[in-house]
Amino acid sequence: MNPAKFVPRSAAGHGRFAPSPSGDLHLGNLRTALLAWLFARSTGRGFVLRVEDLDRARSGSEEHQLADLAAIGLDWDGDVVRQSERLPRYETAIARLHDAGSTYECFCTRREIQQAASAPHAPQGAYPGTCRDLTNSERAALRATGRAPALRLRATVNELTITDELHGRYTGVVDDFVLRRGDLTPAYNLAVVVDDAEQKIDQVVRGDDLLPSTPRQVYLAHTLGLPVPAYVHVPLALNSQGQRLAKRDGPVTLADHLAAGRTTSDVVAIIAASLQLNGTTPAELLDRFDPAQLPRTPWVVTQ
Ligand code: GLU
């Protein structure tokens, strides 16, 4: 490793990988995990795993995901954290926002939001604020219909500019996004901010499909007085039609490749080659890792 290039920014901080246990990890997920590990370890950070199982958890999926990450040679520090075991922490953050007058109940259905959001002046993808200024009697009437309200953040900005190590300055929508769903499940945007701060994550490496969510998360971190990590949104893996890699695209998981006669070293080598690196273990790649050389375009997986 070239020491001039890799000055640890904060030896106390951590990077992380935070998969949703909704199925086996595919090559693109493994590649993001490897990158998160390389970014963390090459900067002297710890590396932690967090299972984001507030919804979409499929039985057995977490075990498979962790086994695959270990099989390709990734290691992590401390115990794996599960969001489903941390509900009181999310409620504490929600209570703080509520006490500060920064939340409101929203009774809109998905369909109502889509209709209102497609109005000519609505910012793309933003909640149009339908329930923001309901009177007490309007709210009581909606509650009486039996609808379970979601809780939204009362945002005071419409957009925010964040900095990403690969994308540079990025400006995106901050709307009154959901903090807790009608079924009382904490929303991803809330949980991720609470967890990243509590786990001392100061470097978030994840797929660039999440870049548009980042201004919301940074705004929430500011609102809760929490530190904002450095962000690195890495390109996704796509199939030959330019769609996100999925099961139907042939051998996409580690198990698929092993069944086809490849070894885990072969799979690491395939992922490494997609990063223009040569090597068959993460430890070997660490010596050659240079963020400046990373491809900035999606990885089109053809085999
Ligand atoms: N759990 C999310 C996913 O698997 C990733 C969230 C994040 O890295 O912030 O897509």
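The values are calculated or read from the model by the stated rules, or taken from the named source; none is laboratory data. From a predicted model like this one, the values you see are computed outputs, not experimental measurements. We place every Cβ from the backbone using ideal geometry, glycine too, and count neighbours over all the protein chains shown. To get the accessible areas, we keep the full protein, side chains included, count just its heavy atoms, and leave off ligands, DNA and RNA. Shrake-Rupley method; radii C 1.70, N 1.55, O 1.52, S 1.80 Å.
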Could you give the length gained by full extension between ARG56 and ALA70, i.e. 0.36 nm per residue of separation minus their alpha carbon distance, to one decimal place? 2.8 nm
Could you size up the charge dipole of region 160-292 around its Cα centre, putting +1 on the beta carbon of Lys and Arg and -1 on that of Asp and Glu, and report it in debye to the nearest 20? 300 debye
Cα centroid of region 250-303 to Cα centroid of region 78-124, whole Å: 36 Å
Go ahead and run the numbers for FRET between GLU165 and ALA273, Cβ-Cβ distance against an R0 of 35 Å, rounding to 0.05. 0.95
Kirkwood Rh, angstrom, the chain [1 / mean 1/r, Cα pairs]: 20.8 Å
Can you give the extra length, in nm with one decimal, that the chain gains between ARG147 and ASP183 once fully stretched, where that is 0.36 nm per residue apart less the Cα-Cα distance? 11.9 nm
By average C-beta atoms within 10 angstrom, highest first, the peptides 274-280, 141-147, 198-204: 198-204, 274-280, 141-147
Whole-Å semi-axes of region 14-60's equivalent ellipsoid (Cα gyration tensor): 22, 12, 6
Hey, got the dipole for the chain? About the Cα centre, +1 on K and R Cβ, -1 on D and E Cβ, debye to the nearest 20? 520 debye
Could you give the dipole magnitude of region 43-183 about its Cα centre, charging the beta-carbon of Lys and Arg +1 and that of Asp and Glu -1, in debye to the nearest 20? 600 debye
Could you check which residue among ASN189, ASN29, ASN158 shows the biggest mean-square fluctuation in a GNM of the chain with a 10 Å Cα cutoff? ASN158
Considering only PHE107, LEU294, PRO282, whose Cα is most displaced toward the positive end of the charge dipole of the chain, charges sitting on Cβ of Lys, Arg (+1) and Asp, Glu (-1)? PHE107
For region 108-266, what % of the accessible area comes from carbon and sulfur atoms, probe 1.4 Å? 51 percent
Kirkwood Rh over alpha-carbon pairs of region 225-303, then Stokes-Einstein at 25 °C and 0.890 mPa s: what D in µm² s⁻¹, rounded to an integer? 172 µm²/s
Dipole axis of region 152-258 (+1 Lys, Arg; -1 Asp, Glu on Cβ), positive-most option in GLN203, PRO229, VAL178: VAL178
Charge dipole (the chain, unit charges on Cβ, about Cα centre) - positive-most of SER61, ALA269, PRO149: PRO149
Helix 214-224 sits at what angle to the longest principal axis of the chain, using alpha carbons and giving 0 to 90 degrees rounded to 10? 60 degrees
Table column - 3J(HN,Hα) (Hz), region 45-56, Karplus curve with 6.51, -1.76, 1.60, x for Gly and Pro: 8, x, 9, 10, 10, 10, 8, 8, 10, 5, 8, 6
Counting sequence-distant residues (5 or more places) and residues on other chains, those with an amide H built under 5 Å from that of ARG16 are VAL48, VAL205
For VAL300, distant residues with modelled amide H under 5 Å away: LEU238
So with the 1.4 Å probe, I'd like the accessible area per residue for the chain, rounded to whole Å². 48 Å²
On a full-extension model of 0.36 nm per residue, what is the gain between ARG154 and ALA292, subtracting their alpha-carbon distance, rounded to one decimal in nm? 45.8 nm
For region 22-29, in residue order, the Karplus 3J(HN,Hα) values (coefficients 6.51, -1.76, 1.60; θ = phi - 60°; whole Hz; Gly and Pro = x) are 10, x, 5, 6, 9, 4, x, 5
By how many degrees, 0 to 90 and rounded to 10, does the Cα axis of helix 61-71 deviate from the longest principal axis of the chain? 30 degrees
Karplus-derived 3J(HN,Hα), 6.51/-1.76/1.60, for each residue of region 187-197, Hz, glycine and proline x: 7, 3, 4, 6, 4, 5, 6, 4, 5, 4, 5
Taking amide H positions as placed 1.01 Å from N in the peptide plane, with prolines and chain starts having none, which residues 5 or more places from GLU159, or on another chain, fall under 5 Å of its amide H? VAL174
